[in-house]
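The structure appears right after this line, and notes come after that.
The values are calculated or read from the model by the stated rules, or taken from the named source; none is laboratory data. Predicted model only: the values in this text are computed from it and were never measured. Note that we place each Cβ from the backbone using ideal geometry, even for glycine, and neighbour counts take in every protein chain shown. Each accessible area value is taken on the protein alone, full model and side chains, heavy atoms only, with ligands, DNA and RNA left out. Shrake-Rupley method; radii C 1.70, N 1.55, O 1.52, S 1.80 Å.
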Amino acid sequence: MTKPKVSSDWLAGCAGCHMSFLDIDERIIELVKLVDLRSTPITDLKVPDEEGVDVGILEGGISNTYNEEVAIRMRERSKILVALGDCAVFGGVPAMRNFFGADVALKRAYIETESTDSSGKIPSDPELCTPVHVKPISDVVKVDVFIPGCAPSADLIFYFLSELAQGRMPEIKGDKIDWH
Ligand code: SF4
């Protein structure tokens, strides 16, 4: 039987959701018997297969135009798209920036931090992406499965991936797992 292809990527987040994924520890051996793990931030492949994957997983919210491009590409190439973690589901911690605006955040990061000397300036180049109002992935593309939590537990991640791999839609109620 052909194993379903799974890809993941990260947007505006802290990488904690992928670290939680790695926390499934030795169960990753069980998982790779069920799925073909393709592009992810923790594998060599970095872009989902052009011919598409069965499950695409996105961590983090949308905070700039590059995040939008990555989310749209993952949506176009995935049969099922999963929003993994609070940042992906509703914007999470990065969305706190919306109270102040991107300009204030950039000034704080590149000019005002204690470790920055007087030459600090906000990077500006046509090649760089543009900040946008931070939003959940579902504001940009259709999401099929929402996995809340900061970060979602390794048990929850293992559960939904193994369910999807076996052709079942996982049932997640709040932070409870329906182990049917
Ligand atoms: Fe990090 Fe939490 Fe956001 Fe996941 S949901 S990317 S762990 S801040």
Could you check how many residues of the stretch 131-172 are touching a residue at least 40 places away in the same chain (Cβ under 8 Å) and open to solvent by 80 Å² or more (accessible area, probe 1.4 Å)?
5
In the stretch 71-78, is there at least one residue being within 16 Å of the ligand (Cβ to nearest atom) and either closer than 25 Å to L22 by Cβ or of a type in the set (D, E, K, R) (or both)?
yes
Let me confirm something: among V104, V53, which residue is more than 13 Å from the chain's Cα centre (by Cα), open to solvent by less than 10 Å² (accessible area, probe 1.4 Å) and away from the ligand (no atom under 16 Å from the Cβ)?
V53
In the stretch 35-79, the residues that are of a type in the set (V, I, T) and touching a residue at least 24 places away in the same chain (Cβ under 8 Å)
V35, T40, I42, V47, V53, V55, I57, I62, T65, V70, I72
Would you please name the residue that is most open to solvent (accessible area, probe 1.4 Å), looking only at residues in the stretch 1-22 that are closer than 30 Å to R97 by Cβ and assigned to a loop (DSSP other than H, G, I, E, B)?
C14
Checked pairs for the stretch 23-34, first surrounded by fewer than 10 Cβ atoms within 10 Å (Cβ to Cβ), second part of a helix (DSSP H, G or I), C-beta under 9 Å and 6 or more apart or across chains, list as D25/A154
Considering each of T40, T65 in turn, give the residue that is open to solvent by less than 10 Å² (accessible area, probe 1.4 Å) and either within 16 Å of the ligand (Cβ to nearest atom) or of a type in the set (S, T, N, Q) (or both).
T40
If I filter the stretch 113-124 for residues that are surrounded by 12 or more Cβ atoms within 10 Å (Cβ to Cβ), assigned to a helix (DSSP H, G or I) and on the phi < 0 side of the Ramachandran plot, do I get at least one hit?
no
